[in-house]
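One structure below.
The values are calculated or read from the model by the stated rules, or taken from the named source; none is laboratory data. Keep in mind that this is a model prediction, so the values were computed, not measured. No Cβ is skipped: glycine too gets one built from the backbone with ideal geometry, and neighbour counts run over all protein chains shown. Remember, those area values only see protein heavy atoms, side chains included, never the ligands or the DNA or RNA. Shrake-Rupley method; radii C 1.70, N 1.55, O 1.52, S 1.80 Å.
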Amino acid sequence: MHHKPGSFHFHGGLHLPDHKAESLVRPLQQATLAKELILPLRQHIGEPNQPQVEVGERVKKGQCLAQTVEFVSAPVHAPTSGTITAIEPRLIAHPSGQPEICIVLQPDGRDEALPDPLAPWIDHRDDPQALLKLIRAAGIVGLGGAVFPSAAKLSTARKYKIDTLIINGAECEPYITCDDILMQTAPQRICAGIAVLQKLTRPEQTLIGIEDNKPKAIAAMQQAIAEADLENTQVITIPTLYPSGGEKQLTKLLTGIEVHSQQLAFDVGVLCQNVGTCAAIADAVEQQQPLISRIVTVTGPGIREPGNWVTPLGTPIRHLIELAGGYKVERPKRIMGGPMMGLNLPSDEVPVVKATNTVLLLDHDDQPEVSECIRCGRCTDVCPVNLLPQQLYWHSRSRQFDRCEDYHLFDCIECGCCSAVCPSHLPLVQYYRFAKGEIREQKIKTYKSDRARKRHEFRQARLERLKQQAEEKRRQKREALARKQQKDPKKATAGKAAASDAVQAALERVKARKQAQQTTPKNTDNLTPEQQRQIEDAEARRKRIKQNGEHTS
Amino acid sequence: MSIVSSPYVTPSASTNRLMLNVIIALIPGSIAYIWFFGVGLIVNLVFSIGFALLFEAIVLKLRKRPLKPYLGDYSAVVTAWLFALCIPQHSPWWLIAVGIGFAIIAGKHLYGGLGFNPFNPAMVGYVVVLISFPQEMTRWFLPLQVSGEGLNLIDAFRYALGWVDISQWDALTSATPLDQYRSGLGQNLMISEIRQSPVFGDFAGVGWEWIANLWFVGGLYLLATRTISWHIPFAVIGGMLLMSFIFYIADPDAVASPGFHLFSGGLMLGAFFIATDPVTASTTPRGRFVYGLLIGVLIYVIRSWGGFPDGVAFAVILANMCVPLIDYYTQPRVFGVDPPDEH
């Protein structure tokens with residue numbers, strides 16, 4: 001390799017005011033228990049969980065509340081002891097704004113823990129398969145924001161040759177400091193997690209990427225690596241430039257490798273894990289603790305006392321806002337995540353989930369006035385994927401979705417750089433999300449109609465085939481018969497003659513029977529004289545009556 | 001209205017701020033213009049901007065669009081200002097009305113308004129009056145420093161409104177340096193002979209060379225404020241230098257020097273203020289470069305072998321036509337799509 005790790009760069013990106021100092025003035029605090037914890041059944045990317053408890057049931061801390069047998073999933077555990085008061089739809093942080101099924105837990109305050117929540121695997125943690133099962137049972141997902149189940153990612157990674165394990169401590173989005181404070185306060189836990197990952201994937205080198213605006217975190221991590229004696233592991237300081245924490249961007253920055261558009265990092269021998277995920281893995285493997293809490297940054301110009309809190313999952317964000325001194329403004333804008341890629345929150349009753357790194361409160365909720373695109377090209381200059389955001393905008397807007405795909409719409413990582421520099425204040429990313437949704441829907445529709453058409457065609461073909469088979473059978477029979485006749489013409493004629501004789505005979509039999517019927521005597525033949533007379537009398541009466549009838553009428 | 005999806009940051013740049021930057025950058029050169037050629041520019045500006053806002057308002061009304069956001073984006077003012085700088089120092093009001101009318105109505109709104117016009121509106125307006133009114137469009141005034149006198153503001157307004165006999169000032173008019181070059185070379189004069197004329201300064205026309213310098217300064221301001229990117233002005237100047245240098249070293253006696261070309265006519269104004277109009281320029285980084293180069297080369301070609309003394313407007317409009325093609329063939333390589341081989 002000609003370059004030193006970390007001396008690579010990607011196109012574009014933005015130097016944003018980082019606003020990290022605000023939430024770092026206070027030390028990491030433990031959040032108090034809220035009156036109720038709201039735990040959505042699904043807090044990961046993948047298959048939905050099934051509830052494992054019933055309403056009214058008492059549960060202990062660390063007890064599994066919901067899970068499924070599917071591979072790409074992660075169970076949900078009770079963050080504390082208490083009673084399940086409801087399993088019902090509640091508002092959660094989701095782009096659709098639709099409520100989803102949540103388990104509602106009322107803490108009893110005793111914080112009674114299950115003795116060995118990860119018991120079956122903890123004793124065999126030297127075996128990689130048992131380790132993976134342990135990580136899965138602990139409900140660990142990617143805490144950088146993607147919430148992809150870690151066990152599934154690691155199992156897949158083990159099928160590839162991993163050259164470089166990348167630990168993502170970039171934390172490039174403004175305002176967010178939860179990873180920074182974790183690296184500052186618990187670098188040993190991160191290193192313990194890294195050791196587990198190294199054991200599982202046997203990388204040649206481990207690179208920890210941290211932006212240069214976090215000198216304390218860099219120093220703490222370097223010291224912890226030395227103390228933990230991790231082999232071929234080093235911290236790489238990268239320049240502060242949004243979005244350096246994107247998986248493909250960080251991979252490029254640290255290794256110079258450009259992950260191909262259609263590929264995963266595994267394909268180029270890279271596995272990327274967030275620092276928070278490493279700490280969660282360490283907690284599971286070393287302390288038998290499932291993922292039941294995480295660090296959440298509560299910050300922004302709309303909050304009084306910004307800071308970081310170790311927060312039990314399920315805590316309503318209103319509770320965190322109260323801990324942070326409450327709202328500073330009347331109409332704050334609530335966001336889960338950072339200002340560039342965060343999710344707009346419909347209310348402050350939504351709970352903290354595994355994906356919640358930050359609760360950001362902005363001091364206004366106003367959309368700047370939108371004007372027409374003047375084709376200035378600033379979006380092109382800042383796009384980290386080197387797309388032409390402006391062309392994507394024109395084509396999304398005019399619903400020319402095939403052109404969107406020609407311009408590589410699906411390589412867009414929705415980082416928001418283009419919108420953040422647009423002088424016309426166009427909500428560009430919103431257009432791309434719309435176009436992506438439409439294209440996906442179209443593809444599903446095409447797939448379905450294709451399948452229906454194919455089914456119909458199969459059926460037609462099958463019926464046609466059956467018909468032809470029947471025809472073929474008849475034809476073969478005929479031919480066989482013809483062959484038989486050709487082979488033995490005498491026998492055939494004789495046969496024919498015999499057959500016609502039989503028919504003749506049958507016909508004659510029928511004729512004879514008919515004649516016999518016709519010749520059968522009627523009951524008026526061969527009458528005695530007495531009978532004859534009676535008949536004549538009767539005839540005469542009949543005649544008389546008939547005549548009388550004519551007269552009277 | 002509330003923002004429904006990320007990002008939630010408000011961009012510091014806005015369309016009207018960008019347009020305002022352009023106006024600010026035009027001020028030093030415009031002051032120099034007035035210094036050398038008198039108050040005619042003020043009258044041109046008053047009529048141009050007035051007509052531009054009037055036409056803009058009328059069309060917006062007809063198109064049932066709100067007036068305030070569109071009139072307030074300064075784009076019509078920029079168009080008017082550039083037009084005012086292109087026409088002779090003292091131009092009649094009706095010529096301005098026709099030019100601005102074409103610029104705003106035909107050049108801009110018939111295509112859908114700001115952002116949708118394929119051609120630079122100011123250049124559309126200028127080309128229309130250049131072709132339609134050759135007599136008025138060649139009445140250029142000498143620099144005050146050469147002629148020794150100029151019109152006062154009141155006379156300039158009366159001149160523009162046609163309330164005075166304009167022939168009384170005929171003695172103050174003269175062909176522009178570029179025009180003198182053209183006609184001189186046409187008569188097989190040597191460059192040294194042509195340069196005997198008092199309108200020539202150190203390396204281009206008296207006054208013109210200083211105004212060009214100040215367009216350059218304004219251009220630096222646009223670059224510093226990131227209103228424009230360097231690609232287009234760099235490529236326009238580069239294209240012009242390339243062409244003029246090749247032909248100059250081939251025959252220095254009969255071809256104007258690169259320095260003369262650079263500081264004459266509308267080159268500097270064109271490179272920094274006209275070719276950089278984002279709406280009508282190429283938008284890909286490589287495309288901007290190709291687009292600028294094309295304009296630089298075309299300006300030289302039109303100046304040297306075309307029928308008009310300067311070629312900025314035609315070069316820009318021709319390059320505008322090529323923009324979709326340039327954009328299509330200069331798409332950047334998308335991250336992860338056909339990456340170059342490692343090592």
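Checking A:N386 against (1) part of a loop (DSSP other than H, G, I, E, B); (2) without any contact (Cβ under 8 Å) to a residue 24 or more places away in the chain, which single condition isn't satisfied?
Result: A:N386 passes all but (2).
Would you mind telling me which numbered condition in (1) modelled with pLDDT of 95 or more; (2) in contact with a Phe, Trp or Tyr (Cβ under 9 Å, 6 or more places away or on another chain); (3) open to solvent by less than 10 Å² (accessible area, probe 1.4 Å); (4) of a type in the set (A, V, I, L, M) A:I303 fails?
For A:I303, the failing item is (1).
Quick one: A:C376 ticks every box in (1) open to solvent by 10 Å² or more (accessible area, probe 1.4 Å); (2) closer than 28 Å to A:S81 by Cα; (3) of a type in the set (A, V, I, L, M, F, W, C) bar one, so which box is it?
Of the numbered conditions (1) open to solvent by 10 Å² or more (accessible area, probe 1.4 Å); (2) closer than 28 Å to A:S81 by Cα; (3) of a type in the set (A, V, I, L, M, F, W, C), the odd one out for A:C376 is (2).
Name the one entry in A:Y432, A:Y393 that is in contact with a Ser or Thr (Cβ under 7 Å, 6 or more places away or on another chain) and part of a helix (DSSP H, G or I).
Matching residue, one of A:Y432, A:Y393: A:Y432.
Of the residues that make up segment A:159-172, is at least one assigned to a helix (DSSP H, G or I) and buried (at least 20 other Cβ atoms within 10 Å of the Cβ)?
No, there is no match, as no residue in segment A:159-172 is assigned to a helix (DSSP H, G or I) and buried (at least 20 other Cβ atoms within 10 Å of the Cβ).
Can you confirm whether B:I302 is surrounded by fewer than 20 Cβ atoms within 10 Å (Cβ to Cβ), within 17 Å of B:G238 (Cα to Cα) and β-branched (V, I, T)?
Yes: the conditions hold for B:I302.
Of B:G296, B:G292, which residue is within 14 Å of another protein chain (Cβ to nearest Cβ), within 17 Å of B:G238 (Cβ to Cβ) and not charged (D, E, K, R)?
Going through B:G296, B:G292 in turn, just one is within 14 Å of another protein chain (Cβ to nearest Cβ), within 17 Å of B:G238 (Cβ to Cβ) and not charged (D, E, K, R): B:G292.
Restricted to segment A:14-42, and to residues that are in contact with a strand residue (DSSP E or B) (Cβ under 6 Å, 6 or more places away or on another chain) and in a loop (DSSP other than H, G, I, E, B), which residue is surrounded by the fewest Cβ atoms within 10 Å (Cβ to Cβ)?
A:R26
Quick one: count up the residues across segment B:318-343 that are open to solvent by 30 Å² or more (accessible area, probe 1.4 Å) and assigned to a helix (DSSP H, G or I).
Total meeting the criteria: 7.
From (1) open to solvent by 60 Å² or more (accessible area, probe 1.4 Å); (2) not in a helix (DSSP H, G or I), pick out the condition that doesn't hold for B:K68.
Only one criterion in (1) open to solvent by 60 Å² or more (accessible area, probe 1.4 Å); (2) not in a helix (DSSP H, G or I) is unmet by B:K68, namely (2).
Take segment A:193-202 and flag every residue that is open to solvent by 20 Å² or more (accessible area, probe 1.4 Å) and either closer than 18 Å to A:A284 by Cβ or modelled with pLDDT of 95 or more (or both).
Scanning segment A:193-202 gives A:A195, A:Q198, A:K199.
What is the residue count in segment A:316-329 for residues that are open to solvent by less than 30 Å² (accessible area, probe 1.4 Å) and touching a residue at least 40 places away in the same chain (Cβ under 8 Å)?
Within segment A:316-329, residues that are open to solvent by less than 30 Å² (accessible area, probe 1.4 Å) and touching a residue at least 40 places away in the same chain (Cβ under 8 Å) number 4.
Which residue, of B:Y248, B:Y221, is touching a Ser or Thr at 6+ places or on another chain (Cβ under 6 Å) and either open to solvent by 30 Å² or more (accessible area, probe 1.4 Å) or of a type in the set (G, A, S) (or both)?
B:Y248 is the lone residue from the list that is touching a Ser or Thr at 6+ places or on another chain (Cβ under 6 Å) and either open to solvent by 30 Å² or more (accessible area, probe 1.4 Å) or of a type in the set (G, A, S) (or both).
Hey, does segment A:82-93 have a residue that's within 30 Å of A:I210 (Cβ to Cβ), within 14 Å of chain B (Cβ to nearest Cβ) and under 17 Å from the mean Cα position of the chain (by Cα)?
Within segment A:82-93, one or more residues are within 30 Å of A:I210 (Cβ to Cβ), within 14 Å of chain B (Cβ to nearest Cβ) and under 17 Å from the mean Cα position of the chain (by Cα).
Surrounded by 20 or more Cβ atoms within 10 Å (Cβ to Cβ) and modelled with pLDDT under 95: which single residue out of B:P309, B:P285 fits that description? Don't jump to the end; show me each part of the working.
Values: B:P285 fails: surrounded by 20 or more Cβ atoms within 10 Å (Cβ to Cβ).
Within the list B:P309, B:P285, the selection yields B:P309.
Starting from residues that are modelled with pLDDT under 90 and over 30 Å from B:R286 (Cα atoms), keep the ones in segment A:349-373 and report whichever is most open to solvent (accessible area, probe 1.4 Å).
Here the answer is A:E369.
Go over the candidates A:L392, A:L361, A:L387 one by one and state the one that is within 28 Å of A:S244 (Cβ to Cβ), more than 9 Å from chain B (Cβ to nearest Cβ) and in contact with a Cys (Cβ under 7 Å, 6 or more places away or on another chain). Walk me through it before giving the result.
Numbers: A:L361 fails: in contact with a Cys (Cβ under 7 Å, 6 or more places away or on another chain); A:L387 fails: more than 9 Å from chain B (Cβ to nearest Cβ).
So the residue among A:L392, A:L361, A:L387 that is within 28 Å of A:S244 (Cβ to Cβ), more than 9 Å from chain B (Cβ to nearest Cβ) and in contact with a Cys (Cβ under 7 Å, 6 or more places away or on another chain) is A:L392.
Considering only segment B:119-136, state which residues are surrounded by fewer than 24 Cβ atoms within 10 Å (Cβ to Cβ) and either at positive phi or of a type in the set (V, I, T) (or both).
Once the filter is applied, which keeps residues that are surrounded by fewer than 24 Cβ atoms within 10 Å (Cβ to Cβ) and either at positive phi or of a type in the set (V, I, T) (or both), segment B:119-136 yields B:V127, B:V128, B:I131.
Hand me the list of helices (runs of 4 or more DSSP H) wholly inside segment B:137-195 holding 2 or more residues that are in contact (Cβ under 8 Å) with a residue 60 or more places away in the chain, open to solvent by less than 60 Å² (accessible area, probe 1.4 Å) and over 17 Å from B:W35 (Cα atoms).
In segment B:137-195, B:153-161, B:177-186 are the helices (runs of 4 or more DSSP H) which contain 2 or more residues that are in contact (Cβ under 8 Å) with a residue 60 or more places away in the chain, open to solvent by less than 60 Å² (accessible area, probe 1.4 Å) and over 17 Å from B:W35 (Cα atoms).
Checking B:Y33 against (1) away from chain A (no Cβ under 14 Å); (2) part of a loop (DSSP other than H, G, I, E, B), which single condition isn't satisfied?
The number of the failed condition is (2).
Which members of segment A:330-347 meet the condition of being touching a residue at least 60 places away in the same chain (Cβ under 8 Å), surrounded by fewer than 22 Cβ atoms within 10 Å (Cβ to Cβ) and under 19 Å from A:R304 (Cα atoms)?
A:S347
Within segment A:408-422, identify whether any single residue is open to solvent by 20 Å² or more (accessible area, probe 1.4 Å), part of a helix (DSSP H, G or I) and more than 10 Å from chain B (Cβ to nearest Cβ), and answer yes or no.
Yes - at least one qualifying residue is present in segment A:408-422.
Across segment A:68-95, which residue is nearest to A:F148 (Cα to Cα) among those that are without any contact (Cβ under 8 Å) to a residue 60 or more places away in the chain and out of contact with any Leu (no Cβ under 8 Å at 6 or more places or on another chain)?
Looking only at segment A:68-95, we keep the residues that are without any contact (Cβ under 8 Å) to a residue 60 or more places away in the chain, and these are A:68-70, A:81-89.
Okay, now just the ones that are also out of contact with any Leu (no Cβ under 8 Å at 6 or more places or on another chain), so A:68-70, A:81, A:86-89.
On the way: A:T68: 15, A:V69: 16, A:E70: 13, A:S81: 27, A:A86: 27, A:I87: 24, A:E88: 24, A:P89: 23 Å.
Only one residue tops the list, namely A:E70.
Does B:P309 satisfy the criteria of being of a type outside the set (F, W, Y) and within 14 Å of chain A (Cβ to nearest Cβ)? Steps first, please.
Details: of a type outside the set (F, W, Y): yes; within 14 Å of chain A (Cβ to nearest Cβ): no.
Here the answer is no, as B:P309 does not meet what is asked.
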